[in-house]
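The values are calculated or read from the model by the stated rules, or taken from the named source; none is laboratory data. Keep in mind that this is a model prediction, so the values were computed, not measured. Here Cβ is always computed from backbone atoms with ideal geometry, including for glycine, and neighbour counts include all displayed protein chains. All accessible areas refer to the heavy atoms of the entire protein, side chains included, with ligands and DNA or RNA removed. Shrake-Rupley method; radii C 1.70, N 1.55, O 1.52, S 1.80 Å.
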Amino acid sequence: MYEVAQAGLIAASYRDIPPFPVIAPASVEEAVAAMADAEAPVPYAGGTDLCGAVREGKKIGTLIWLKRLDELRGVRVADGTLSIGALTTHAGGAGADAAGAIPGLAEALSKLGKMRIRLSGTAGGNLMARHTRYEMSILLTALGGTAHFASAEGEADLTAADIWERAEPPRSLLTRLSIPLAGDLRLDYDRSLRPLMTQALARWTDISGRPQGRAVIATEYLRPFALDLELAGTDAKGIAAAAYEALPADFADPASGNDWLRRAGAAILARQLARLEAARG
Amino acid sequence: MAERLGPRFDLSFTLNGASVSVSTTTATALADLLRERRDGRGTRLACERAVCGACTVLVDDVPRASCAVFAFEVEGSTVRTVEGMAEDGELSPVQAAFADNAAFQCGFCTAGMIVLTEALLARDPDPEEAAIRDWISSNICRCTGYSLILEAVRDAARRKRETAE
Ligand SMILES: Cc1cc2nc3c(=O)[nH]c(=O)nc-3n(C[C@H](O)[C@H](O)[C@H](O)COP(=O)(O)OP(=O)(O)OC[C@H]3O[C@@H](n4cnc5c(N)ncnc54)[C@H](O)[C@@H]3O)c2cc1C
Ligand code: FES
Ligand code: FES
């Protein structure tokens, strides 16, 4: 028989959640050690996702509260790489001067949720919550970035696609996102059709001065899919139509059919290409 | 040195200007802790998922959904709720603007909207329309269609600026 409680429609009250030990490390080194040694450790950043997840059944053995790790906050540019600390809030990232190293990045970050969420939600929490409706994975894929993990076993740099496959080292902590600053790297992020689809476009020039591009399409329910663009020529519509030939026929969800995604995605991509071209002046 | 908390612990923080010490557990949400107090029912609970914002309070001046904040996080912090907005029995300019603009119907979202508005105006006393909309759309109102709330926020900003001059 259909049981509402068993269907998961009624979440536990906090009163039903057993209390857990909390560790608040003072450094990444201590945090890595706590992740290695604690019983069933769960990192905790802004809580905008985790608190709801706990009420929906996620179990906490030991909560590793990251708040004191100031070294994981902020956006920096060094050695041709832009890095975003895992604890950087969306508002902090959008307001950081260094985000200006990639035109369009600050604007994209300023669209991740509304202000109350942007003031607490972090870049690392967004990726590690692994919800297709969260957008950091789309931006990281478009920009060709990686996420850096630290664990007692060692360190690893993973793409957003790797994170979807849970390829990070066991008991690891995401410490930062790194984006190599390819020549004149720029971003355009279009959410006008969210939640049905969103699309990020990155454009840069390679060492021989040729323009390169990557478009990333995602929906509320589908993981981001990257389309490499052939930017030779100036016909934005033609470039977009050619890129969309590579979209797999099964890239579709109950709300957004494949035909519609191809048409809408190509139309938006043509507009994005034109916008980036205009922004370059 | 890493700090450790056992499942039950003593929590101290400042609530609306007064020192508070309570024994609580690590799984307790700030919203529940506040609402268990006789003077804490202004903070509403609805979705309990950080979505609706009815439970918004200021933690060290940052507006946060108190249903998505574990109480242990506010150790040593300053928490302000809607109960702490009035001064000497006088409604704050934001509260008065909400009342005078009839910016509510059922009133369930109102405490969260007022707290959110306080946070916005503390950061930006003369916010642009786009900023007002961005902030206020953080919280959900199922009744008003928002236009009266937006009017109250604009009015509150005017009142606060006039008081400051
Ligand atoms: C109302 C609402 C609207 C939203 N709108 C949007 C939106 O429009 N676009 C969007 O992209 N997102 C949106 N979000 C999601 C929001 O951006 C994420 O909830 C937020 O980024 C998560 O970060 P956090 O610090 O709060 O994570 P937490 O809730 O603290 O943690 C989330 C998960 O990540 C893990 N984690 C956190 N930090 C680390 C780390 N450093 N290393 C390893 N694991 C870690 C935690 O264990 C947990 O599993 C919305 C959320 C809400 C509640
Ligand atoms: S009850 Fe906290 S956000 Fe809805
Ligand atoms: S007045 Fe009823 S929810 Fe806003």
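What is the Cα coordinate range of the range A:73-180 on the first, second and third principal axes, sorted by size from largest, in whole angstrom?
35, 32, 22
Give me a single rounded figure for A:62-72: the average over its residues of other chain Cβ atoms within 10 Å of their Cβ.
Values: counts 2, 5, 1, 7, 0, 1, 2, 0, 0, 0, 0.
Taking all residues of A:62-72 together, the mean is 2.
How much mean residue ellipticity at 222 nm does the protein assembly as shown get from its helices, if each DSSP H run of length 4 or more adds -39500 (n - 2.57) and you divide by all residues, to the nearest 500 deg cm²/dmol?
On the way: 15 runs with 135 residues, N = 446.
Value at 222 nm, helices only, nearest 500: -8500 deg cm²/dmol.
If I take every Cα pair under 8 Å that is 6 or more residues apart in the range B:1-156, average their sequence separation and divide by the length, what percent do I get for the relative contact order? Numbers along the way, then the final one.
Numbers: 271 pairs, mean separation 36.1, N = 156.
This gives 23 percent for the range B:1-156.
Which whole-number percent is the relative contact order of the range A:108-214 (Cα, under 8 Å, 6+ apart)? Working shown, then result.
On the way: 152 pairs, mean separation 22.4, N = 107.
Relative contact order here is 21 percent.
What whole-number volume per residue, in cubic angstrom, does the convex hull of the C-alpha atoms of the range B:2-84 give? Could the numbers behind the result be given before it?
Numbers: hull volume 7.6 nm³, N = 83.
Hull volume normalised by residue count: 92 Å³.
At what distance in nm do the modelled label points of A:Trp260 and A:Ala36 sit from each other, each positioned 7 Å from its Cα along Cα→Cβ?
Spacing of the two 7 Å Cα→Cβ label points: 5.0 nm.
In terms of the Cα gyration tensor, with a ≥ b ≥ c the square roots of its eigenvalues, is the range A:183-280 rounded because a/c is under 1.5, prolate because a/b exceeds b/c, or oblate?
Working: a/c = 2.01, a/b = 1.81, b/c = 1.11.
Prolate shape, in that a/c is at least 1.5 and a/b is the bigger ratio.
Excluding residues fewer than 8 places away in the same chain, name every one of the lysines whose C-alpha is closer than 30 Å to that of B:Lys160.
Within the straight-line cut-off, B:Lys160 pairs with A:Lys111, A:Lys114.
Convex hull volume of the Cα atoms in the range A:18-64, per residue, in Å³?
Values: hull volume 3.1 nm³, N = 47.
Cα convex hull per residue, to the nearest whole number: 67 Å³.
From the protein chains alone at 1.4 Å, what is the descending order of accessible area for B:Arg4, A:Arg214, largest first?
Solvent-accessible surface, decreasing: B:Arg4, A:Arg214.
Chains A and B: buried accessible surface, both sides, probe 1.4 Å, rounded to 100 Å²? Walk me through the intermediate numbers first.
Values: alone 14230 and 9050 Å², together 20420 Å².
Answer for the A-B pair: about 2900 Å² buried.
Along each principal axis of its Cα atoms, how long is the protein assembly as shown end to end? Whole angstroms, biggest number first, please.
69, 56, 54 Å, listed from the longest principal axis down.
Using only alpha carbon pairs under 8 Å that are at least six residues apart, calculate the relative contact order of chain A and give it in whole percent.
13
Return the average number of partner chain Cβ atoms within 10 angstrom of each residue Cβ along peptide B:128-135. Working shown, then result.
Working: counts 0, 0, 0, 1, 0, 1, 5, 4.
So the per-residue partner count for this stretch is 1.
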